[in-house]
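First the structure, in the form of structure tokens, and then the observations on it.
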Amino acid sequence: MTRLLDSFEIGGLTLRNRIVMPPMHTGRATIEGAITDDLINHYVLRSKALGLLIIEHSYVAVEGKLSEKQVGIYDKHLIPSLLKLSSGVQATGTPVVLQINHAGSKANRDITGIKPISSSPTEDARELRVDEISALSETFAQAAEWGIKAGFNGIEVHGAHGFLLNQFSSPLTNQRCDEYGGSLENRLRFPLEVVRKVKKKVGDKLLLYRLGSDDLDPSGTQIWESQKFAVKLEEAGVDIIDVSGGICGSSPEKLQGIQGYFIPQARQIRKVINIPVIGVGGIREPQFADKLIQEGNVDFIAVGRKLLEDPDWAIKAIELLRKD
């Protein structure tokens with residue numbers, strides 16, 4: 001029987017257990033997006049007993065920046081500070097992945113000075129032209145290459161929580177009438193183009209995709225669509241699918257208080273693919289996380305808020321489960 005504390009071999013790496021720290025914005029970078037000692041200490045403190053750590057979303061282009069002190073991966077001059085972060089975490093024995101993102105219509109114009117872009121026009125954002133879509137996929141790929149040069153063990157492409165790639169994949173936000181809108185195949189075209197180009201840059205390093213699996217809206221993304229998307233992601237070379245919310249965000253109000261609130265979606269996605277799945281959603285208790293693994297719901301458990309509150313959560317979880 002597989003358990004939370006069991007190791008996992010993937011991509012030439014040995015993950016010492018199934019505990020993942022998911023990407024969570026901290027606001028500890030510089031205004032230019034460079035890594036600070038404060039940010040390095042934040043992650044090193046929490047990484048000492050993890051199986052895998054995923055660094056918070058890093059903006060691939062200035063116009064895709066969400067918040068003032070967000071981590072950046074939009075220019076090669078950021079590589080040296082990112083290298084300090086990756087090596088600091090790896091020194092604890094934990095592999096580390098960098099999440100790359102473009103906020104799309106959620107980008108902060110007050111910070112960027114640029115009108116946001118999206119799959120379709122909104123009151124605050126303009127629609128991306130087809131030629132711009134192609135250029136943006138190259139921007140993601142370049143950011144991924146810089147992330148690997150900065151020493152990370154892999155890259156996670158952010159396709160959830162209502163950001164740009166999710167704005168293309170969801171019917172709630174994609175109202176296009178060209179080859180990038182309408183049918184499921186068309187709505188997935190841009191995210192998959194990004195994944196394929198990123199894969200070429202990542203090579204044999206890990207490639208993860210954070211999937212906005214459910215909009216929690218009858219007119220939005222449904223789980224059967226995300227199952228089809230997951231199959232295509234596997235075919236495109238993704239190694240791990242990180243299952244979260246779509247346009248509804250990472251912490252939908254109506255799901256608060258439910259431990260493991262996105263596990264049902266992760267379980268359904270895991271049924272149709274042959275690559276591992278990360279499950280998430282307000283998970284607090286080590287025994288609950290262990291049970292989810294034992295029952296075969298998911299392959300990894302992401303624990304976010306509890307690790308923010310208690311940097312030693314993983315250490316304590318291991319001690320507790322070893323006594324069982």
| field | Eligible lysines near LYS205 by straight Cα distance, threshold 17 Å, same-chain separation 8 or greater | value | LYS149, LYS197
| Over 28 Å between alpha carbons, listed pairs LYS200/LYS306; LYS48/LYS254; LYS271/LYS323; LYS254/LYS323; LYS84/LYS306; LYS69/LYS115 | LYS200/LYS306; LYS48/LYS254; LYS271/LYS323; LYS254/LYS323
| field | Qualifying trypsin sites (Lys or Arg not before Pro) in the range 82-159, DSSP loop, other Cβ atoms within 10 Å at most 15 | value | ARG129
| message | Over the chain, what is the relative contact order in percent, taking alpha-carbon pairs closer than 8 angstrom and at least six residues apart? | response | 16
| Which of [x] 29, 23, 18; [y] 30, 22, 22; [z] 35, 23, 20 is the computed semi-axes √(5λ) of the Cα gyration tensor in Å for the structure on display? | [x]
| query | Once you put a point 7 Å from the Cα of GLU235 and another 7 Å from the Cα of SER183, both along the Cβ direction, what distance in nm separates them? | reply | 1.2
| query | Normalised by the residues of the range 78-230, what does the relative contact order come to in percent, with Cα pairs under 8 Å and at least six apart? | reply | 25
| query | Taking the range 110-174, which GluC sites (Glu not before Pro) meet the DSSP loop condition and have no more than 15 other C-beta atoms within 10 Å? | reply | GLU123
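Just so you know, all these numbers are worked out from the coordinates, no wet-lab data involved. Note that the structure is a prediction, hence the values are computed from the model and not measured. Positions of Cβ are generated from backbone atoms using ideal geometry, with glycine treated the same way; all protein chains shown enter the neighbour counts.
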